[in-house]
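Visitor: The structure follows.
The values are calculated or read from the model by the stated rules, or taken from the named source; none is laboratory data. Because the structure is predicted, anything quoted here is derived from the model rather than measured. Quick reminder, even Gly has a Cβ in these numbers, built from the backbone with ideal geometry, and neighbours come from all protein chains shown.
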Amino acid sequence: MAFLLRFSMHMFQRGLIVGLFNVVFVLAFVPASQAWVESESVEQPQVSVSLVSERPYLVAGQSARFALKIIPDEGWHTYWKNPGDTGIASQLNWQLPADFRVGDLEWPVPERIDYQGATNYGYHGETWLFSQLAIPPSAKNNDSSPTEITLKAQAQWLLCKEICIPGTAELQLRLPVYHQPPVNNGQADKRFDQRAKLLPSLIYRAQASYRMSDFLEISVPLEDLPLIDRPPQVFLGQADVIDNSDTPTVSVVDDFLLIRAKVDPYLKDSPSLLPVLLSLPSSDKSDATSAVEFVVREGELPAVVMASLAAKSGLLNNAGQLPDNESINIVYALVFALLGGIILNAMPCVFPVLSLKILSLVESGQQSAIIRQQHGLAYAAGVIISFVFIAAVLLAVRFFGEQIGWGFQLQSPWFVAFLVYLLFVLGLSLSGFIELGSSLQNVGSSIAGHNEQHWRSSFFTGVLATVVATPCTAPFMGSAMGFALSQTTLIALLVFAVMGLGLALPFLLIAFIPRLAAVLPQPGQWMVTFKELLAFPIYLTVVWLLWVFSRQTNVDAVALLLVGLVMLTVTLWLLRLRQLSSAGQTSTRFLQGLLLLLSAGLAIGVAIVAGGLDRGYVSDPQNKLASDQQQSIDDSMGEVYDAQQLATALANGEAVFVNMTADWCITCKLNERIALSTDTVKKLFKTESVRYMKGDWTNSDAAITAYLAEFNRNGVPLYVYYAPDTPPVVLPQILTAGIIRNYIMPE
């Protein structure tokens, strides 16, 4: 019995951190669902109509998303915003209280419907048309109880099969209005998010243009579009512009996508702005489609397109494949990946772990060259394997339809809680408050000055360096990652592996070049003090992660996680007692074992519960408080990023500066502190009439992920400046007030 107990506790010690990692890492990929509420359905001949709210409440000062749900009987269809030759577009007319604002309807991709010589665009089956409301701060009074508000809307549609039936319905929802989102926000349901994913992504490019003669000819730079590997389906968002019976043709001319269609013979005046939707069929076996929507301006086409039109060249081949530029760009992508990985060593998010690795190198200075090289190779292997592993997970999740990017694991409160635990234990070890046994010391413990012969600890140090590095993107990394995620799996993994090599390269050079190793100071008693000193940046990192956790959840979740830290400390204390009382009585060790299991279970359980609190609200940045998203800027200057608002601003010729950020991105927060939040930049934006939009990617958000993808980016920070009537410009990832001024006011 005693032997079995000792063996069980030994295995428990070896598996404690590994088990905790597995639990948290698996939970990190459990998708968060959204709470929603639906009005009473209006049943009319051949159709059912209702109004859906994304959440069962409103928050004063925030936006809220609604959808008009139309379910026609089998064989019947409704119409898109451009109904085609016949038909009428569905409408949703709101009757709103004072100061409420509503955005335009957002439409999913339609289908082409041909009937008796007429070509229409619409929908068979269940259709959701989305609308966004801006809730004014005045919607909620100052008392603590919620204010009830009734939202009314009139829906209109035309339902057709062999005959057409117009319909009208009065819909309403009564919802409570809060100052802050309630903790208990109702039963979760995935359908709202699943329907929202059917909406096309909006892209904004001033370089897209069209001209009108007998044909409508639209030119769009390929670099402005997602990867297109087969001909897309084209829809125009404005009626009576083209001959709908003539299918638009798509061709590639140099670096441009050219769309041609016959003009409607009854067209009188060409529009100054023309919305275009491209539906992109997937190349995999899922038959899924994605879509992008953009606005083109009337103007001259690029000279290369005009010349090619004259020669009637550049059409897609019979297989529908676009020209492959992989051989041109892969070399640059690998070079950028290597440079980005090297520069990542200088990013603030990696400082705590790299300082520990430097201490390890100093300590190994007196060891043989072989041992030093083994440690360097093990560290590099940990970094590279971790980069490849994270990239593989990212690619796998994207393959199944989820749009995620670099640093995606930090968008999970559970993973953040795991990092809080891990770094807290590391800090205690560096401070000398705990002495872990060899089973736990392998997880990067020799960086604190122990077990110097164990190359495994150098490997896990590389893993830890990669984990804390993922919130950051260094210069050159964004372009490399954007290229990688548009290529085959093998090429993508190769690019990420080279990026990991760049992060590990400085330490590999020190390990293999004696002259570099000789520059390091001699080991001595000072290292003990220095090791203890390094615990404090680790503790500061824990504080930062707790702040990130609070932004993802709420104050109750933070309190629970702090309780979890106490239970984790108790667990480590009990482990230490078992080490000191290895020869104690069996009954005493049995009691210690039970308490150890209980405290460890409580620590894990508390982290799991804390990470799940309030996720329904925070996973949508559109419903965050403006003050939360703009804490570093003046409220009168900044606004929450909104795709529709951006499109409207650009269509009106306004200048816009977009900041895509996240609370777990230290580089983002530093840029906001030293550049974007300074009085100089605030005054510059105000003087030059620049609208400042800030998107928060702290939690997963499909709209922001899609925006990043437009610029071939898969991580933050991303800074984009839209000057009036000119193409958007991407700013460097390290900002100063002077850099921003140079882009807004070029000489």
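Visitor: So LEU625 fits all but one of (1) more than 27 Å from the chain's Cα centre (by Cα); (2) at pLDDT below 80; what number is the exception?
Guide: With respect to (1) more than 27 Å from the chain's Cα centre (by Cα); (2) at pLDDT below 80, LEU625 is out only on (1).
Visitor: Mind checking which residues of the stretch 135-151 are surrounded by fewer than 16 Cβ atoms within 10 Å (Cβ to Cβ), of a type outside the set (Ser, Thr, Tyr) and not in a loop (DSSP other than H, G, I, E, B)?
Guide: PRO137, GLU148 - these are the residues of the stretch 135-151 that are surrounded by fewer than 16 Cβ atoms within 10 Å (Cβ to Cβ), of a type outside the set (Ser, Thr, Tyr) and not in a loop (DSSP other than H, G, I, E, B).
Visitor: Considering each of LEU534, LEU546, LEU505 in turn, give the residue that is assigned to a helix (DSSP H, G or I), at pLDDT 85 or above and within 23 Å of GLY382 (Cα to Cα). Even if it seems obvious, please write down each step before you answer.
Guide: Working: LEU534 fails: at pLDDT 85 or above; LEU546 fails: within 23 Å of GLY382 (Cα to Cα).
Just a single option satisfies the conditions, and that option is LEU505.
Visitor: Whether any residue in the stretch 27-50 is modelled with pLDDT under 50, polar (S, T, N, Q) and not in a loop (DSSP other than H, G, I, E, B) is what I want to check. Break it down into steps so the answer makes sense when it comes.
Guide: Pass one, the stretch 27-50, residues modelled with pLDDT under 50: 27-34.
Still in the running and polar (S, T, N, Q): 33-34.
Now narrow it down to the ones that are not in a loop (DSSP other than H, G, I, E, B): 34.
The answer is yes; a qualifying residue exists.
Visitor: Condition (residue is of a type in the set (A, V, I, L, M), closer than 28 Å to TRP547 by Cα, within 33 Å of the chain's Cα centre (by Cα) and modelled with pLDDT of 80 or more) applied to the stretch 356-374: is it met by at least one residue?
Guide: No, the stretch 356-374 contains no residue that is of a type in the set (A, V, I, L, M), closer than 28 Å to TRP547 by Cα, within 33 Å of the chain's Cα centre (by Cα) and modelled with pLDDT of 80 or more.
Visitor: Let me ask you something else. Which condition number in (1) surrounded by 18 or more Cβ atoms within 10 Å (Cβ to Cβ); (2) at pLDDT 85 or above is the one that ALA239 fails?
Guide: Just one mismatch for ALA239, condition (1).
Visitor: Okay, moving on. Condition check: under 19 Å from ILE113 (Cβ atoms), out of contact with any Gly (no Cβ under 6 Å at 6 or more places or on another chain) and assigned to a loop (DSSP other than H, G, I, E, B). Does ASP269 satisfy that? Give the derivation first.
Guide: Details: under 19 Å from ILE113 (Cβ atoms): no; out of contact with any Gly (no Cβ under 6 Å at 6 or more places or on another chain): yes; assigned to a loop (DSSP other than H, G, I, E, B): yes.
It is false that ASP269 is under 19 Å from ILE113 (Cβ atoms), out of contact with any Gly (no Cβ under 6 Å at 6 or more places or on another chain) and assigned to a loop (DSSP other than H, G, I, E, B).
Visitor: Quick one: VAL730 ticks every box in (1) within 16 Å of VAL640 (Cα to Cα); (2) touching a strand residue (DSSP E or B) at 6+ places or on another chain (Cβ under 6 Å) bar one, so which box is it?
Guide: Just one mismatch for VAL730, condition (1).
Visitor: Oh, and also: Can you list the strands (runs of 3 or more DSSP E) lying wholly within the stretch 633-747 that have 2 or more residues being of a type outside the set (Asp, Glu) and free of Cβ contacts under 8 Å to residues at least 24 places away in the same chain? If you could, list the steps in order and put the result at the bottom.
Guide: Numbers: elements: 638-640, 655-661, 690-696, 718-722.
Correct list: empty, since no element meets the threshold.
Visitor: While we're looking at this one, here's another question. Which members of the stretch 277-300 meet the condition of being hydroxyl-bearing (Ser, Thr, Tyr) and at pLDDT below 80? Talk me through it step by step, then tell me what you get.
Guide: Going residue by residue through the stretch 277-300, those that are hydroxyl-bearing (Ser, Thr, Tyr) are 279, 282-283, 286, 289-290.
SER282, SER283, SER286, THR289, SER290, listed by residue number.
Visitor: Check off (1) touching a residue at least 60 places away in the same chain (Cβ under 8 Å); (2) touching an Asp or Glu at 6+ places or on another chain (Cβ under 8 Å); (3) closer than 23 Å to ILE242 by Cα for PRO110 and give me the number that stays unchecked.
Guide: Failing condition for PRO110: (2).
Visitor: Now for a different question. Does the stretch 99-111 include one or more residues that are of a type in the set (A, V, I, L, M, F, W, C), under 32 Å from the mean Cα position of the chain (by Cα), assigned to a loop (DSSP other than H, G, I, E, B) and crowded, with 19+ Cβ neighbours inside 10 Å?
Guide: Just the residues of the stretch 99-111 that are of a type in the set (A, V, I, L, M, F, W, C), to begin with: 100, 102, 105, 107, 109.
Narrowing the set further to residues that are under 32 Å from the mean Cα position of the chain (by Cα) leaves 100, 102, 105, 107, 109.
Cutting the leftovers down to assigned to a loop (DSSP other than H, G, I, E, B) gives us 100, 105, 107, 109.
Those left that are additionally crowded, with 19+ Cβ neighbours inside 10 Å: 107, 109.
There is at least one residue in the stretch 99-111 that is of a type in the set (A, V, I, L, M, F, W, C), under 32 Å from the mean Cα position of the chain (by Cα), assigned to a loop (DSSP other than H, G, I, E, B) and crowded, with 19+ Cβ neighbours inside 10 Å.
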